[in-house]
Amino acid sequence: QVQLVESGGGLVQAGGSLRLSCAASGGTDDIYNVAWFRQAPGKEREFVAYIRRNGDSTYYVDSVKGRFTISRDNAKNTVYLQMNSLKPEDTAVYYCAADHNYGGTYRSRYDYWGQGTQVTVSS
């Protein structure tokens, strides 16, 4: 059983930065592929970025490429999402998800989920 806890969200002005963290417990971090998803009010939960177990493969949704960076520190069992040049349309609850085998963009394929952390970007 794996538990994921997100942190680092908050309120920032457009153009600002935040770093989100996803801390895992109950397992060895490098077993898992990890992805970030986000859900804005009235919208579906959408894929943001993923990183595979050994960190050799990452992928981003087009809207965040060049602004967001996903990384991991397996010694700390933590995955990060560095978010720069934030825009109001980035406002959402951000969730991390993990799976032993799957490392892609589909929500339904991830077995473990965190509780979410709110990111609000003001204009």
**Complete:** In segment 80-96, anything open to solvent by less than 50 Å² (accessible area, probe 1.4 Å) and either under 14 Å from R53 (Cβ atoms) or not in a strand (DSSP E or B) (or both) is listed as L86, D90, T91
**Asked** Which of the residues that make up segment 3-27 are open to solvent by 50 Å² or more (accessible area, probe 1.4 Å) and either modelled with pLDDT under 95 or not basic (K, R) (or both)?
**Response** Q3, V5, S7, L11, Q13, A14, G15, S17, S25, G26
**Message:** Looking at (1) in contact with a Leu (Cβ under 9 Å, 6 or more places away or on another chain); (2) over 24 Å from V12 (Cβ atoms), which one does Y106 not meet, given that it meets all the others?
**Reply:** (1)
**Fill in**
A careful count of residues in segment 97-111 that are open to solvent by 40 Å² or more (accessible area, probe 1.4 Å) and either over 13 Å from the mean Cα position of the chain (by Cα) or not polar (S, T, N, Q) (or both) gives 7
**Item:** Index of the failed condition, D30 passing every other in (1) modelled with pLDDT under 95; (2) under 19 Å from Q115 (Cβ atoms); (3) open to solvent by 50 Å² or more (accessible area, probe 1.4 Å)
**Value:** (2)
**Message:** What pairs come out if I take residues in segment 64-79 that are closer than 17 Å to F37 by Cα and open to solvent by less than 40 Å² (accessible area, probe 1.4 Å) and pair them with residues that are at pLDDT 90 or above and outside any strand (DSSP E or B) whose C-beta lies under 7 Å away, six or more apart or interchain?
**Reply:** R67/N84; R67/S85
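The values are calculated or read from the model by the stated rules, or taken from the named source; none is laboratory data. Because the structure is a prediction, the values reported are computed rather than measured. Virtual Cβ from ideal backbone geometry, glycine too; neighbours counted across all protein chains shown. Heads up: the accessible areas ignore ligands, DNA and RNA and are worked out on the full protein's heavy atoms, side chains in. Shrake-Rupley method; radii C 1.70, N 1.55, O 1.52, S 1.80 Å.
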